[in-house]
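Some notes on the structure that comes next.
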Amino acid sequence: MNRKYEWSALILRVVLGVSFFVHGLAKFQGGLENSAGWFDSIGLPGFLAYGVAFLEAAGGIALVIGLGTKVLSALFALLMIGAMVKVKLAAGFLGDGQSAGYELDLAFLAMAVSLVLTGSKLYSVDSLLFGRSGSN
């Protein structure tokens, strides 16, 4: 792949990874019980909050270092689709004054889909482990 595309993918991978890590960390710091209660309040099983928090925190770190980029990006894309459909769509693109809109979720979705399609080998653990032909 062209070197410019690799740098672009690296930027997407690191920014998306850091962003998800921070969101996951916030769930842990705010108390997973609170997140579970919020999930229950919107009609989702509370135990999903634990999986989402772990995926965001651990997956974010793994994405930053380039470990399992395509798989994690696919999981993050699914997470964003779920968040938009279940929570954010009703508030509109920019929000409704009461809650945030889905513009950030859509940007994260686009970043994740881009990484699913292209991967990101530059400075990745996957490249170290599996070489240039790795599926990152």
- prompt: For the range 114-136, how many residues are crowded, with 16+ Cβ neighbours inside 10 Å and outside any loop (DSSP other than H, G, I, E, B)?
  reply: 7
Tally of residues being surrounded by 18 or more Cβ atoms within 10 Å (Cβ to Cβ) and farther than 10 Å from Ser124 by Cβ across the range 65-74: 2
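With respect to Leu72, is the statement that it is assigned to a helix (DSSP H, G or I), over 23 Å from Leu128 (Cβ atoms) and among the aliphatic types (A, V, I, L, M) true? Please lay out each step first, then the result.
On the way: assigned to a helix (DSSP H, G or I): yes; over 23 Å from Leu128 (Cβ atoms): no; among the aliphatic types (A, V, I, L, M): yes.
Criteria not met by Leu72.
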task: Take the range 39-65 and flag every residue that is of a type outside the set (Gly, Ala, Ser) and more than 21 Å from Leu106 (Cβ to Cβ).
output: Phe39, Asp40, Pro45, Phe47, Leu48, Tyr50, Phe54, Ile61, Val64, Ile65
field: Scan of the range 1-24 for residues that are in contact (Cβ under 8 Å) with a residue 60 or more places away in the chain and among the polar types (S, T, N, Q), ordered by number
entry: Ser19
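Just so you know, all these numbers are worked out from the coordinates, no wet-lab data involved. Being a predicted model, the structure only gives us computed values, none of them experimental. For neighbour counting, all protein chains shown are included, and Cβ atoms are generated from backbone atoms with ideal geometry for every residue, glycine included.
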